[in-house]
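Working notes, beginning with the structure itself.
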Amino acid sequence: MSVMSAAEQYKILAENTAEIITDDEFKKKLEESVAKNKPLRCKLGIDPSAPDLHLGHAVVLHKLRQFQELGHHIIIILGDFTGRLGDPTGRSEMRRQLSEEEVLANARTYQEQIFNILDEDKTEMVFNSEWLAKLNFADVIQLASTLTVARMMEREDFSKRYRENTAIGIHEFFYPLMQGYDSIAIRADIEFGATEQKFNLLMGRHLQREYEHAPQVAFTMPILVGTDGVQKMSKSLGNYIGITEQPEQIYGKVMSIADDLMEEYYRLATSLPAKEVNSIIKGVKDSSIHPRDAKMRLAREIVALYHGSEAAAGAEVQFRQVFQKREMPSEMDAYQYRAPAGIVDVMVGSKLAASKSDARRLIEQNGVKIDGKTVESMDLELNEKKEQIVQVGKRKFARVTIT
């Protein structure tokens, strides 16, 4: 356990959170933890619904790392059971249920990627099928009896679908109950989630009381906006930065974000202390630090978190060579295409050409480049799954990612 006092720990752990439910309970749990030299049991449930983690997922993982460094016990629950059902949070329609094979394949990737942030030797990782699969029908009825339909319909996504006469499956009501039961199974003191997970986190507190356990404290973390500056970071929206992407890709994507997103990314996607972040943001606002320099520092910090400082320095050198020496803009529209993607279709879809005939004409005139190399054939197909810069003339650029 940390030698820090409860008050010192609170100052660190409460920073950059959206909400702590409740603040007083958290302070009390910290005081008891220090007095008894007993680590808090900190729970994060993750449904392996997609194969990769991005910076949006990492926000809560970095908060867990802070708890871990102060000596608290981290428990990652991989929702192999709940993942088959799918979290209805934020859904406008019923989610497709994943097969057991899909969930387990995604879980294997999560197991590898999570330890880019957390200390593997100090992290307990479990599957919730260990207890959920053992519940019999009587257990499920008892669990369901602790909640009313009216309470369940307080969820905005459920009430909205009901008002719009969109189907709600009875099985979807069981998702928050199952997630809440996870907290009982592992006797969680703290549970973490994004702000949109608040209903599910509160369900854990409710069920713990029903089963005569001390209620957990719910930590909600801010949702990181994607590189488009509009919607939350999501792989399906193509506005994400994957934590296992190549250093050059991460660096380039960070440099593509709008200046007004820098503060959010500094606070949620780096490990810099608040005092240093405040100084950087103040410098940008009073013009003592150029926004470009602040953004390059941000890109270095994020790359270094996942690839080390040497890789971050290398990514910056490459960025300077590609963008600054060739006078490419650091901000450009981003597009995503599935392989194989024909260069003509990419140009039209990325608004680099008005039509296919226009695209062919530009290629014939040697006016199209990919990562600085002239495109010589209008039949070129982009197959390599990576990010590339497509340039038309001297002033038109697009960031194209092939998936």
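The table that follows gives values for the structure above.
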| item | result |
| --- | --- |
| Anisotropy class of the stretch 216-275 from Cα gyration tensor, a/c 1.5 cut | prolate |
| Residue among A58, F219, V140 farthest towards the positive dipole end of the chain, charges placed on Cβ | A58 |
| Signed unit charges on C-beta, dipole axis of the chain, positive-most listed residue L207, Q197, V284 | V284 |
| Amide N of the stretch 206-228 lying under 11 Å from the label point, which is placed 7 angstrom from the Cα of T22 along Cα→Cβ | none |
| E381 - accessible surface, heavy atoms, 1.4 Å probe, Å² rounded to 10 | 100 |
| Per-residue HN-Hα couplings for the stretch 364-371 [Karplus 6.51, -1.76, 1.60; θ = phi - 60°; Hz; x = Gly/Pro] | 4, 8, 6, x, 10, 10, 10, 6 |
| Order of exposure, largest accessible area first, which applies to V284, V368, V317 with probe 1.4 Å | V317, V284, V368 |
| Accessible surface of Y251 - all protein chains present, 1.4 Å probe, nearest 10 Å² | 0 |
| Per residue accessible area in Å² of the chain, where ligands, DNA and RNA are left out and the probe is 1.4 Å | 49 |
| Percent breakdown of C-alpha pair distances by 10 Å bin, ordered from the shortest bin, for the chain | 4, 20, 27, 24, 16, 7, 2, 0 |
| Scaled radius of gyration (Cα, divided by 2.2 N^0.38 Å) that the stretch 133-221 gives | 1.10 |
| The stretch 222-325: relative contact order as a whole-number percent, Cα under 8 Å and 6+ apart | 27 |
| FRET E, pair K275, E196, Förster distance 25 Å, beta-carbon r, rounded to 0.05 | 0.25 |
| Normalised contact order of the chain, rounded percent, pairs of Cα under 8 Å and 6 or more residues apart | 14 |
| Accessible surface of the stretch 108-165 [probe 1.4 Å, protein heavy atoms]: carbon and sulfur percent | 49 |
| The stretch 169-183 - phi-based ³J(HN,Hα) in whole Hz, Karplus 6.51/-1.76/1.60, Gly and Pro as x | x, 4, 4, 5, 5, 7, 4, x, 5, 5, 5, x, 5, 4, 5 |
| Proportion of all alpha-carbon pairs of the stretch 307-403 beyond 17 Å (%) | 50 |
| Accessible surface of the stretch 328-403 [probe 1.4 Å, protein heavy atoms]: carbon and sulfur percent | 43 |
| D286 accessible area, 1.4 Å probe, all protein chains in place, Å² to nearest 10 | 80 |
| Fluctuation leader among S271, S377, S183 - the chain, Gaussian network, Cα springs under 10 angstrom | S377 |
| V230/F137 FRET efficiency (R0 45 Å; Cβ-Cβ; nearest 0.05) | 0.50 |
| Exposure ranking of L362, L13 by accessible area [1.4 Å probe, largest first] | L362, L13 |
| Full-extension gain in nm, R209 to T374, via 0.36 nm per residue minus C-alpha separation | 52.8 nm |
| Charged-residue dipole, Cβ positions (Lys, Arg, Asp, Glu), the stretch 192-280 about Cα centre, Debye nearest 20 | 280 |
| Estimated 222 nm signal from helices in the chain, with DSSP H stretches of n ≥ 4 weighted -39500 (n - 2.57), rounded to 500 | -13500 deg cm²/dmol |
| Only Lys, Arg (+1) and Asp, Glu (-1) charged, at Cβ; the stretch 1-71 dipole about Cα centre in debye | 280 |
| Total charge dipole magnitude, the chain, about the Cα centre, Cβ charges on Lys, Arg, Asp, Glu only, Debye to nearest 20 | 860 |
| Sequence of T220, T166 from largest to smallest accessible area, 1.4 Å probe | T166, T220 |
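The values are calculated or read from the model by the stated rules, or taken from the named source; none is laboratory data. All values derive from a computational prediction rather than experimental measurement. With ideal geometry, Cβ positions are generated from the backbone for all residues, glycine too; neighbour counts draw on all protein chains shown. Just the protein is used for accessible areas: all its heavy atoms, side chains included, with ligands, DNA and RNA removed. Shrake-Rupley method; radii C 1.70, N 1.55, O 1.52, S 1.80 Å.
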